[in-house]
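Take a look at the structure set out below.
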Amino acid sequence: MSPDPRTVSAAEFPDWLRAVGTGFLRPPAPVPAEEVEVRLAQVDLGRTQGVFEDGRCVATFRSFPQELTVVGGARIPADAVTAVTVTPTHRRRGLLSRMMAVDLAAAKERGDVVSSLIAAEYPIYGRYGFGPAGWTTEWEIDVPRAGLDPRARVPDEADGGRIDLVDGADVRKLGPQLHDRLAARQHGVVSRDERWWRRATGLEVPAFETWKEPFHAVYRAPDGSVDGLLTYRADGHWGDGKQPLNKATVAGLTGVTPAAERALWTYLCSIDWITTVRTGYRAPDDLLPHFLPDPRAARVVTHADFLWLRLLDVPRALEARTYTSVGSLVLEVRDTAGLAGGRFLLEVSPSGASCVPTARSADLTLDVADLACLYLGDESALRLAALGRLDEHRAAASATADAVFRAPRRPWCPDVF
(Lines give C-alpha, C1' and ligand atoms only; values in the text may rest on other atoms or scores of the structure.)
Protein backbone atom coordinates (compact mmCIF):
# COMPACT_ATOMS: atom_id res chain seq x y z
CA MET A 1 0.00 0.00 0.00
CA SER A 2 1.15 3.54 -0.77
CA PRO A 3 1.50 5.98 2.13
CA ASP A 4 -1.58 7.93 3.11
CA PRO A 5 -2.07 11.56 2.13
CA ARG A 6 -1.29 14.14 4.79
CA THR A 7 -0.90 17.87 5.13
CA VAL A 8 2.35 19.37 3.97
CA SER A 9 4.79 21.15 6.27
CA ALA A 10 6.62 24.37 5.38
CA ALA A 11 9.87 22.41 5.10
CA GLU A 12 8.25 20.00 2.62
CA PHE A 13 6.61 22.72 0.54
CA PRO A 14 9.51 23.15 -1.96
CA ASP A 15 9.39 19.44 -2.82
CA TRP A 16 5.60 19.61 -3.04
CA LEU A 17 5.96 22.43 -5.61
CA ARG A 18 8.47 20.31 -7.53
CA ALA A 19 5.94 17.46 -7.64
CA VAL A 20 3.23 19.84 -8.91
CA GLY A 21 5.57 20.85 -11.73
CA THR A 22 6.29 17.22 -12.56
CA GLY A 23 2.58 16.49 -12.80
CA PHE A 24 2.07 19.36 -15.24
CA LEU A 25 5.11 18.34 -17.35
CA ARG A 26 7.22 21.35 -16.41
CA PRO A 27 11.01 21.03 -16.44
CA PRO A 28 12.12 19.15 -13.31
CA ALA A 29 14.18 22.01 -11.92
CA PRO A 30 14.05 23.14 -8.28
CA VAL A 31 11.65 26.00 -7.64
CA PRO A 32 13.63 29.17 -6.79
CA ALA A 33 13.71 29.99 -3.09
CA GLU A 34 12.19 33.43 -3.69
CA GLU A 35 9.18 31.89 -5.43
CA VAL A 36 8.78 29.26 -2.72
CA GLU A 37 8.67 32.02 -0.11
CA VAL A 38 6.03 34.00 -2.01
CA ARG A 39 3.84 30.97 -2.66
CA LEU A 40 4.16 29.64 0.85
CA ALA A 41 2.81 32.90 2.22
CA GLN A 42 -0.30 32.53 0.06
CA VAL A 43 -1.36 28.94 0.71
CA ASP A 44 -3.11 27.34 3.64
CA LEU A 45 -0.94 24.36 4.53
CA GLY A 46 -3.92 22.94 6.39
CA ARG A 47 -5.62 22.55 2.97
CA THR A 48 -2.48 21.40 1.15
CA GLN A 49 -2.10 17.63 0.87
CA GLY A 50 0.75 15.48 -0.33
CA VAL A 51 1.75 11.85 -0.48
CA PHE A 52 5.39 11.17 0.39
CA GLU A 53 7.37 8.03 -0.26
CA ASP A 54 11.02 7.68 0.72
CA GLY A 55 11.11 11.36 1.53
CA ARG A 56 9.90 12.46 -1.89
CA CYS A 57 6.50 13.95 -2.78
CA VAL A 58 4.64 11.81 -5.33
CA ALA A 59 1.10 13.30 -5.25
CA THR A 60 -0.30 16.76 -4.62
CA PHE A 61 -3.66 18.38 -3.87
CA ARG A 62 -4.65 21.83 -2.66
CA SER A 63 -7.88 23.73 -2.08
CA PHE A 64 -8.70 27.30 -1.16
CA PRO A 65 -11.78 29.38 -0.33
CA GLN A 66 -13.73 30.78 -3.24
CA GLU A 67 -17.06 32.44 -3.96
CA LEU A 68 -19.16 31.32 -6.94
CA THR A 69 -21.90 33.42 -8.52
CA VAL A 70 -25.03 31.38 -9.17
CA VAL A 71 -28.06 32.14 -11.34
CA GLY A 72 -29.59 35.37 -10.08
CA GLY A 73 -26.36 36.90 -8.73
CA ALA A 74 -26.04 35.36 -5.26
CA ARG A 75 -22.58 34.17 -4.25
CA ILE A 76 -22.08 30.89 -2.43
CA PRO A 77 -19.00 29.56 -0.60
CA ALA A 78 -17.03 27.09 -2.67
CA ASP A 79 -14.11 24.76 -2.04
CA ALA A 80 -11.83 25.44 -5.02
CA VAL A 81 -9.62 22.47 -5.91
CA THR A 82 -6.30 22.99 -7.67
CA ALA A 83 -2.74 21.62 -8.06
CA VAL A 84 -4.01 18.04 -8.37
CA THR A 85 -1.24 15.71 -9.55
CA VAL A 86 -0.04 12.15 -9.18
CA THR A 87 3.53 11.43 -10.32
CA PRO A 88 3.50 8.99 -13.28
CA THR A 89 5.36 6.35 -11.22
CA HIS A 90 2.54 6.24 -8.68
CA ARG A 91 -0.63 6.20 -10.78
CA ARG A 92 -3.49 3.75 -10.20
CA ARG A 93 -2.86 3.44 -6.47
CA GLY A 94 -5.90 5.37 -5.27
CA LEU A 95 -3.89 8.41 -4.17
CA LEU A 96 -6.20 10.98 -5.78
CA SER A 97 -9.28 9.22 -4.42
CA ARG A 98 -7.94 9.41 -0.88
CA MET A 99 -6.89 13.06 -1.18
CA MET A 100 -10.25 13.99 -2.70
CA ALA A 101 -12.17 12.20 0.06
CA VAL A 102 -10.24 14.11 2.74
CA ASP A 103 -10.80 17.47 1.06
CA LEU A 104 -14.51 17.02 0.31
CA ALA A 105 -15.23 15.84 3.85
CA ALA A 106 -13.46 18.91 5.23
CA ALA A 107 -15.33 21.19 2.82
CA LYS A 108 -18.65 19.68 3.88
CA GLU A 109 -17.73 20.17 7.52
CA ARG A 110 -16.78 23.84 6.88
CA GLY A 111 -20.16 24.51 5.31
CA ASP A 112 -19.06 24.99 1.71
CA VAL A 113 -22.02 24.60 -0.64
CA VAL A 114 -20.07 23.27 -3.63
CA SER A 115 -16.60 22.22 -4.63
CA SER A 116 -15.20 23.61 -7.88
CA LEU A 117 -12.34 22.89 -10.27
CA ILE A 118 -11.13 23.29 -13.85
CA ALA A 119 -10.64 19.77 -15.20
CA ALA A 120 -7.46 19.17 -17.18
CA GLU A 121 -8.89 15.80 -18.30
CA TYR A 122 -12.57 15.00 -18.78
CA PRO A 123 -12.79 11.39 -17.43
CA ILE A 124 -11.24 11.98 -14.01
CA TYR A 125 -13.68 13.86 -11.83
CA GLY A 126 -17.11 12.41 -12.58
CA ARG A 127 -16.41 9.52 -10.25
CA TYR A 128 -16.05 12.00 -7.39
CA GLY A 129 -19.43 13.60 -8.03
CA PHE A 130 -18.26 16.51 -10.19
CA GLY A 131 -20.06 17.48 -13.38
CA PRO A 132 -19.31 20.07 -16.09
CA ALA A 133 -21.50 23.03 -15.11
CA GLY A 134 -20.11 25.60 -17.53
CA TRP A 135 -18.46 25.47 -20.94
CA THR A 136 -16.16 27.84 -22.77
CA THR A 137 -15.63 28.95 -26.37
CA GLU A 138 -12.71 30.69 -28.04
CA TRP A 139 -12.86 32.50 -31.36
CA GLU A 140 -10.27 33.69 -33.85
CA ILE A 141 -11.29 36.81 -35.74
CA ASP A 142 -10.18 37.43 -39.31
CA VAL A 143 -10.11 41.21 -38.94
CA PRO A 144 -10.05 42.21 -42.64
CA ARG A 145 -13.09 40.00 -43.24
CA ALA A 146 -15.04 41.36 -40.25
CA GLY A 147 -16.44 44.30 -42.21
CA LEU A 148 -15.53 47.01 -39.71
CA ASP A 149 -14.90 50.50 -41.10
CA PRO A 150 -11.18 51.20 -40.51
CA ARG A 151 -11.88 54.95 -40.64
CA ALA A 152 -14.57 54.90 -37.95
CA ARG A 153 -14.06 56.45 -34.55
CA VAL A 154 -13.91 54.00 -31.63
CA PRO A 155 -16.16 54.29 -29.68
CA ASP A 156 -18.48 56.03 -32.12
CA GLU A 157 -19.92 59.44 -31.36
CA ALA A 158 -23.34 58.01 -30.51
CA ASP A 159 -21.77 55.92 -27.74
CA GLY A 160 -20.35 58.91 -25.89
CA GLY A 161 -17.76 56.86 -24.02
CA ARG A 162 -14.02 56.62 -24.50
CA ILE A 163 -11.15 54.15 -24.32
CA ASP A 164 -7.95 54.84 -22.41
CA LEU A 165 -4.73 52.84 -22.27
CA VAL A 166 -3.66 52.23 -18.66
CA ASP A 167 -0.88 50.39 -16.84
CA GLY A 168 -0.73 47.53 -14.37
CA ALA A 169 -1.05 49.79 -11.35
CA ASP A 170 -4.31 51.15 -12.76
CA VAL A 171 -5.55 47.62 -13.35
CA ARG A 172 -4.85 46.65 -9.75
CA LYS A 173 -6.84 49.69 -8.62
CA LEU A 174 -9.77 49.50 -11.05
CA GLY A 175 -9.98 45.77 -11.78
CA PRO A 176 -11.28 44.33 -8.49
CA GLN A 177 -14.34 46.58 -8.36
CA LEU A 178 -15.09 45.93 -12.02
CA HIS A 179 -14.82 42.19 -11.45
CA ASP A 180 -17.21 42.45 -8.51
CA ARG A 181 -19.70 44.18 -10.78
CA LEU A 182 -19.33 41.36 -13.31
CA ALA A 183 -19.81 38.75 -10.58
CA ALA A 184 -23.07 40.41 -9.56
CA ARG A 185 -24.56 39.85 -13.02
CA GLN A 186 -22.83 36.80 -14.56
CA HIS A 187 -23.36 33.36 -13.06
CA GLY A 188 -20.35 31.08 -13.19
CA VAL A 189 -17.92 33.84 -12.22
CA VAL A 190 -15.58 33.03 -9.32
CA SER A 191 -13.88 35.40 -6.89
CA ARG A 192 -10.38 36.80 -7.42
CA ASP A 193 -7.99 37.49 -4.55
CA GLU A 194 -5.15 40.00 -4.42
CA ARG A 195 -2.68 37.40 -5.69
CA TRP A 196 -4.73 36.99 -8.87
CA TRP A 197 -4.29 40.68 -9.69
CA ARG A 198 -0.59 40.60 -8.84
CA ARG A 199 -0.04 37.71 -11.23
CA ALA A 200 -2.19 39.28 -13.95
CA THR A 201 -0.10 42.45 -13.85
CA GLY A 202 3.37 40.91 -13.61
CA LEU A 203 4.14 41.52 -9.94
CA GLU A 204 4.28 37.79 -9.27
CA VAL A 205 5.49 35.56 -12.09
CA PRO A 206 6.19 31.82 -11.59
CA ALA A 207 9.62 30.62 -12.68
CA PHE A 208 8.10 28.41 -15.39
CA GLU A 209 6.48 31.41 -17.11
CA THR A 210 8.09 34.11 -19.23
CA TRP A 211 6.47 37.47 -18.62
CA LYS A 212 5.65 39.70 -21.55
CA GLU A 213 4.10 43.01 -20.54
CA PRO A 214 0.58 43.29 -22.00
CA PHE A 215 -1.46 46.27 -23.09
CA HIS A 216 -4.35 47.30 -20.85
CA ALA A 217 -7.31 49.38 -22.05
CA VAL A 218 -10.37 50.55 -20.14
CA TYR A 219 -13.72 51.68 -21.44
CA ARG A 220 -15.19 54.71 -19.68
CA ALA A 221 -18.94 55.25 -20.02
CA PRO A 222 -20.30 58.74 -20.72
CA ASP A 223 -20.66 59.31 -16.96
CA GLY A 224 -16.97 58.48 -16.46
CA SER A 225 -17.45 55.09 -14.81
CA VAL A 226 -15.09 52.30 -15.86
CA ASP A 227 -17.39 49.67 -17.38
CA GLY A 228 -14.84 47.55 -19.22
CA LEU A 229 -11.25 46.31 -19.07
CA LEU A 230 -9.23 44.66 -21.84
CA THR A 231 -5.79 43.05 -21.52
CA TYR A 232 -4.03 41.84 -24.65
CA ARG A 233 -0.66 41.10 -26.20
CA ALA A 234 0.42 41.51 -29.82
CA ASP A 235 3.10 39.80 -31.87
CA GLY A 236 5.32 41.34 -34.52
CA HIS A 237 4.72 39.11 -37.52
CA TRP A 238 5.00 40.59 -41.02
CA GLY A 239 4.51 38.69 -44.25
CA ASP A 240 6.21 38.88 -47.64
CA GLY A 241 5.93 42.25 -49.32
CA LYS A 242 6.03 44.04 -45.96
CA GLN A 243 2.40 43.21 -45.23
CA PRO A 244 1.41 43.27 -41.54
CA LEU A 245 0.08 39.95 -40.26
CA ASN A 246 0.07 40.76 -36.57
CA LYS A 247 -2.05 38.81 -34.10
CA ALA A 248 -3.55 40.19 -30.88
CA THR A 249 -4.21 37.64 -28.16
CA VAL A 250 -6.66 38.56 -25.42
CA ALA A 251 -5.64 37.71 -21.86
CA GLY A 252 -8.92 38.99 -20.49
CA LEU A 253 -11.88 41.17 -21.40
CA THR A 254 -14.44 42.22 -18.80
CA GLY A 255 -17.44 44.28 -19.78
CA VAL A 256 -20.35 44.96 -17.46
CA THR A 257 -22.49 46.46 -20.24
CA PRO A 258 -22.94 45.47 -23.89
CA ALA A 259 -21.71 48.95 -24.84
CA ALA A 260 -18.44 48.32 -23.03
CA GLU A 261 -17.97 44.93 -24.67
CA ARG A 262 -18.74 46.27 -28.14
CA ALA A 263 -16.39 49.24 -27.73
CA LEU A 264 -13.46 47.13 -26.51
CA TRP A 265 -13.80 44.45 -29.20
CA THR A 266 -14.17 47.10 -31.89
CA TYR A 267 -11.14 48.96 -30.53
CA LEU A 268 -9.01 45.81 -30.63
CA CYS A 269 -10.05 45.01 -34.19
CA SER A 270 -9.33 48.58 -35.29
CA ILE A 271 -5.67 48.69 -34.24
CA ASP A 272 -3.35 49.22 -37.19
CA TRP A 273 -1.44 46.11 -38.33
CA ILE A 274 -3.69 43.70 -36.35
CA THR A 275 -5.12 41.22 -38.83
CA THR A 276 -6.04 38.41 -36.43
CA VAL A 277 -7.55 38.47 -32.94
CA ARG A 278 -7.56 35.47 -30.64
CA THR A 279 -10.30 36.06 -28.09
CA GLY A 280 -9.29 33.85 -25.18
CA TYR A 281 -11.92 31.79 -23.39
CA ARG A 282 -15.40 33.33 -23.52
CA ALA A 283 -18.95 32.26 -22.72
CA PRO A 284 -20.41 30.01 -25.43
CA ASP A 285 -23.20 32.57 -25.99
CA ASP A 286 -20.86 35.57 -25.96
CA LEU A 287 -22.14 38.56 -27.92
CA LEU A 288 -18.83 38.99 -29.71
CA PRO A 289 -19.52 37.47 -33.14
CA HIS A 290 -22.59 39.67 -33.52
CA PHE A 291 -20.66 42.85 -32.81
CA LEU A 292 -19.03 42.28 -36.21
CA PRO A 293 -20.78 43.21 -39.47
CA ASP A 294 -19.81 39.73 -40.67
CA PRO A 295 -20.08 37.30 -37.73
CA ARG A 296 -18.51 34.55 -39.87
CA ALA A 297 -15.20 36.38 -39.49
CA ALA A 298 -15.14 34.97 -35.94
CA ARG A 299 -14.22 31.29 -36.27
CA VAL A 300 -14.64 28.94 -33.30
CA VAL A 301 -11.27 27.40 -32.45
CA THR A 302 -12.08 25.94 -29.02
CA HIS A 303 -15.31 24.71 -27.48
CA ALA A 304 -14.98 22.57 -24.37
CA ASP A 305 -16.12 21.88 -20.83
CA PHE A 306 -14.54 24.26 -18.34
CA LEU A 307 -15.98 24.83 -14.84
CA TRP A 308 -16.83 21.62 -12.96
CA LEU A 309 -18.90 21.61 -9.77
CA ARG A 310 -19.60 19.10 -7.03
CA LEU A 311 -22.62 19.81 -4.81
CA LEU A 312 -22.01 19.37 -1.10
CA ASP A 313 -25.31 20.75 0.25
CA VAL A 314 -28.24 20.24 -2.13
CA PRO A 315 -30.87 22.32 -0.26
CA ARG A 316 -28.57 25.34 0.19
CA ALA A 317 -27.36 25.14 -3.40
CA LEU A 318 -30.82 24.95 -4.95
CA GLU A 319 -32.26 27.64 -2.69
CA ALA A 320 -29.40 30.05 -3.44
CA ARG A 321 -30.14 30.46 -7.15
CA THR A 322 -33.17 32.03 -8.80
CA TYR A 323 -35.71 30.53 -11.20
CA THR A 324 -37.85 32.05 -13.94
CA SER A 325 -40.64 29.45 -13.89
CA VAL A 326 -43.01 27.94 -11.36
CA GLY A 327 -42.57 24.27 -10.63
CA SER A 328 -42.32 21.46 -8.11
CA LEU A 329 -40.08 18.39 -8.25
CA VAL A 330 -39.07 15.57 -5.94
CA LEU A 331 -35.45 14.73 -6.70
CA GLU A 332 -33.73 11.54 -5.61
CA VAL A 333 -30.04 12.45 -5.61
CA ARG A 334 -27.54 9.59 -5.65
CA ASP A 335 -24.17 10.21 -4.03
CA THR A 336 -21.92 7.19 -3.46
CA ALA A 337 -19.64 9.30 -1.24
CA GLY A 338 -22.53 9.95 1.14
CA LEU A 339 -22.00 13.72 1.19
CA ALA A 340 -25.06 15.19 -0.51
CA GLY A 341 -27.46 12.39 -1.41
CA GLY A 342 -31.08 12.12 -0.41
CA ARG A 343 -34.62 12.83 -1.54
CA PHE A 344 -35.60 16.48 -1.76
CA LEU A 345 -38.75 18.43 -2.54
CA LEU A 346 -37.84 21.44 -4.69
CA GLU A 347 -40.49 24.13 -5.13
CA VAL A 348 -39.59 27.19 -7.19
CA SER A 349 -41.07 30.40 -8.50
CA PRO A 350 -39.67 33.75 -9.61
CA SER A 351 -40.06 34.95 -6.02
CA GLY A 352 -37.87 32.26 -4.47
CA ALA A 353 -37.22 28.57 -3.89
CA SER A 354 -37.57 25.97 -1.15
CA CYS A 355 -35.67 22.68 -1.04
CA VAL A 356 -36.24 20.30 1.87
CA PRO A 357 -35.82 16.58 2.56
CA THR A 358 -38.99 14.62 1.89
CA ALA A 359 -40.44 11.12 2.07
CA ARG A 360 -42.63 11.67 -1.01
CA SER A 361 -42.10 9.48 -4.06
CA ALA A 362 -39.38 10.72 -6.38
CA ASP A 363 -40.22 12.34 -9.72
CA LEU A 364 -36.64 12.03 -10.97
CA THR A 365 -33.56 10.11 -9.86
CA LEU A 366 -30.14 11.41 -10.87
CA ASP A 367 -26.53 11.32 -9.81
CA VAL A 368 -25.11 14.26 -7.87
CA ALA A 369 -22.73 14.89 -10.81
CA ASP A 370 -25.66 15.28 -13.21
CA LEU A 371 -27.38 17.65 -10.80
CA ALA A 372 -24.18 19.74 -10.97
CA CYS A 373 -24.53 19.84 -14.76
CA LEU A 374 -28.03 21.29 -14.36
CA TYR A 375 -27.24 23.63 -11.50
CA LEU A 376 -26.07 26.74 -13.40
CA GLY A 377 -28.69 26.29 -16.09
CA ASP A 378 -26.37 25.15 -18.87
CA GLU A 379 -27.52 21.57 -19.37
CA SER A 380 -30.91 20.27 -20.45
CA ALA A 381 -32.71 17.73 -18.29
CA LEU A 382 -34.35 16.42 -21.47
CA ARG A 383 -30.91 15.76 -22.97
CA LEU A 384 -29.79 13.97 -19.82
CA ALA A 385 -32.95 11.84 -19.91
CA ALA A 386 -32.33 10.97 -23.56
CA LEU A 387 -28.80 9.93 -22.62
CA GLY A 388 -30.12 7.66 -19.87
CA ARG A 389 -28.62 9.77 -17.08
CA LEU A 390 -31.99 10.61 -15.47
CA ASP A 391 -34.62 8.11 -14.32
CA GLU A 392 -38.09 9.58 -14.77
CA HIS A 393 -40.73 8.27 -12.38
CA ARG A 394 -43.50 10.74 -13.28
CA ALA A 395 -44.59 11.58 -16.80
CA ALA A 396 -43.06 14.81 -18.11
CA ALA A 397 -40.88 15.22 -14.98
CA SER A 398 -37.83 15.74 -17.20
CA ALA A 399 -39.62 18.51 -19.08
CA THR A 400 -40.51 20.14 -15.76
CA ALA A 401 -36.89 19.92 -14.62
CA ASP A 402 -35.74 21.39 -17.91
CA ALA A 403 -38.02 24.40 -17.46
CA VAL A 404 -37.04 24.80 -13.80
CA PHE A 405 -33.26 24.71 -14.13
CA ARG A 406 -32.68 26.54 -17.40
CA ALA A 407 -31.26 30.08 -17.23
CA PRO A 408 -31.73 32.91 -19.77
CA ARG A 409 -27.97 33.12 -20.46
CA ARG A 410 -25.24 30.51 -20.27
CA PRO A 411 -22.79 30.50 -17.34
CA TRP A 412 -19.24 31.73 -17.82
CA CYS A 413 -16.15 31.34 -15.66
CA PRO A 414 -13.39 33.66 -16.94
CA ASP A 415 -10.64 32.17 -14.76
CA VAL A 416 -8.40 29.14 -14.67
CA PHE A 417 -7.53 28.17 -11.10
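A few points about this structure:
- Net charge of the neighbourhood of Trp265, taken over other residues with C-beta under 11 Å away and scored Lys/Arg +1, Asp/Glu -1, is 0.
- Relative to the Cα centre, the charge distribution of the chain, modelled as +1 at Lys and Arg Cβ and -1 at Asp and Glu Cβ, gives a dipole magnitude of about 420 debye.
- Straight-distance crosslink candidates among aspartates and glutamates, where the alpha carbon sits under 13 Å from Lys212 and sequence neighbours closer than 8 are dropped: Glu204, Asp235
- The phi torsions of the range 268-275, fed into the Karplus equation with coefficients 6.51, -1.76 and 1.60 and a -60° offset, translate into couplings of 4, 6, 9, 5, 4, 6, 7, 10 Hz, rounded to whole numbers, with Gly and Pro shown as x.
- GluC sites (Glu not before Pro) restricted to DSSP loop in the range 117-202 with at most 12 other C-beta within 10 Å: Glu121, Glu157
- Shown for the range 4-144: the carbon plus sulfur share of the solvent-accessible area, taken with all protein chains present and a 1.4 angstrom probe, equals 56%.
- The residues neighbouring Thr279, those whose beta-carbon lies less than 11 Å from its own, together hold a net charge of 0 under the Lys/Arg +1, Asp/Glu -1 convention.
- Here the ratio of the Cα radius of gyration of the chain to 2.2 N^0.38 Å is 1.07.
- Inter-centroid distance (Cα atoms) of the range 272-305 relative to the range 102-126, Å: 31
- Evaluated over the range 112-203, the Cα radius of gyration and Dmax, each in Å: 19.0, 55
- Of all DSSP-defined beta bridges confined to the chain, some 85% are antiparallel rather than parallel.
- The residues of the chain expose on average 46 square angstrom of accessible surface per residue, using a 1.4 Å probe on protein heavy atoms.
- Electrostatic tally near Trp197: other residues with Cβ closer than 10 Å to its Cβ, Lys and Arg +1, Asp and Glu -1, net +3.
The values are calculated or read from the model by the stated rules, or taken from the named source; none is laboratory data. A quick note: this is a predicted structure, and the numbers were derived from the prediction, not measured. So basically every Cβ, Gly included, is an ideal-geometry build from the backbone, and we count neighbours across all protein chains shown. Side chains included, ligands, DNA and RNA excluded: accessible areas come from the protein's heavy atoms. Shrake-Rupley method; radii C 1.70, N 1.55, O 1.52, S 1.80 Å.
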